[in-house]
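What follows is calculated from the coordinates using simple rules that are stated; it is not laboratory data. All figures in this text were calculated on a predicted structure; none of them were measured in a lab. With ideal geometry, Cβ positions are generated from the backbone for all residues, glycine too; neighbour counts draw on all protein chains shown.
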Amino acid sequence: EVSSSPTFQPVLERIAAEIENTPGRGRPADYIPALAARDPRRFGMAVAEPDGTVYGVGDWRQPFSAQSITKVFTLALVLAGQGDPLWEHVGREPSGNAFNSLVQLEYENGIPRNPFINAGALVVTDRLQAQTGDAVGALLGFLRAESGNTHLAINKDIAASESAHGDRNAALGHFMAAYGNIVNPVPVLLDQYFHQCSIEASCADLALATGFLARHGIRADGTRLLTRSQAKQINAIMLTCGTYDAAGEFAYRVGLPGKSGVGGGIIAVVPGRCTLCVWSPGLDERGNSVAGVAALERFTTLTGLSVF
Ligand code: GLN
């Protein structure tokens, strides 16, 4: 146990050294060339405390493709702006299917299972677009404010690549629109979604930006974004749905609310204590970073910090 340590730095150094010696890193996402080129040996990890103190190791300041990690922040912005009516349009149950699956939508009348699979994230971004007129602008503004990094931006090449290879997401959008569950024109929604996925941020940026979930809904500037209950609810959905059809395994191994993206990043929350972000581009077959999950598992084991 090292949880009595005054800083998280020693535990991060230890985990990085262990990961360095671990063979088998999985494979980078290959659905777009820009992500397939990433080196699976890259590894970074950051821990942020609720007061904004941040510790890191390895490539923790290297921007990477945030991808589905952004789905946590769009959900927070929509819950803050619209509250519970969102749940008439998207469910809160784990899907047990792949993140880009279409199969459950027809049985469930175009209502996606949860906000973190692609179908559900499209519904949330659609609502954020209706709420703000500029979903990605609102998201970027939030991430910049919370991380303190005003340079945080979209990678235009990745956005173009997402769009060029976006048939599946387009199918999800159109299918839900056929059930009346999308309010914006589908091409407008897809453009927002592809740009959202293409935001680049570092482990330090994303650990800091997740801080409101450790602070029970309070933003970095001390103002309230979410009620305490809403922050709890998002943490709960991250635990049950944040790593797709591997959420059970993630809860078993790591024991924290977490959200992964196919760029190889994972954010995680220890409510009241700290937030984490780990990045390593090699994925398992369910789209979660192999070294990322291993590092988070070591973190909760070594520190004893978990929600259980
Ligand atoms: N851009 C990816 C997609 O929509 C994001 C998926 C993910 O990170 N799981 O397919």
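Taking other Cβ atoms within 10 Å as a rough exposure proxy, Thr240, Thr53 sort from fewest to most as Thr53, Thr240. Between Ala130 and Tyr179, the contour length at 0.36 nm per residue exceeds the Cα-Cα span by 15.9 nm.
Computed from the Cβ-Cβ distance with R0 of 22 Å, the FRET efficiency linking Arg14 to Asp51 stands at 0.40.
To the nearest ten degrees, helix 118-132 and the longest principal axis of the Cα atoms of the chain are 80 degrees apart. Sorted ascending by nearby beta carbons within 10 Å, beginning with the fewest, His165, His89 become His165, His89. Packing-based ranking of 278-290, 27-39, 123-135 yields 278-290, 123-135, 27-39, ordered from highest to lowest mean Cβ neighbour count within 10 Å.
Pop a pseudo-label 7 angstrom from the Cα along the beta-carbon direction at both Thr150 and Ala36 and give the gap in nm to one decimal. Inter-label distance under the simple model: 3.9 nm.
Modelled this way, with points 7 Å down the Cα-to-C-beta line, the labels at Glu285 and Ala164 are 2.9 nm from one another.
Taking the 0 to 90 degree range and rounding to the nearest ten, how far is the long axis of helix 135-147 tilted relative to the main principal axis of the chain, both from C-alpha atoms? Helix 135-147 and the main axis of the chain meet at about 20 degrees.
In the chain, Cα pairs under 8 Å separated by at least six residues give a relative contact order of 28 percent. Using the Cβ-Cβ distance between Val307 and Gln62 with R0 set to 45 Å, the FRET efficiency from 1/(1 + (r/R0)^6) comes to roughly 0.95. Over all orientations, the chain has a Cα convex hull whose mean projected area works out to 13.7 square nanometres. Simple spin-label estimate for Asn21 and Thr227 gives 5.0 nm between the two label positions (7 Å along the Cα-to-Cβ direction from each Cα). Cα centroids of the stretch 104-140 and the stretch 275-308: 26 Å apart.
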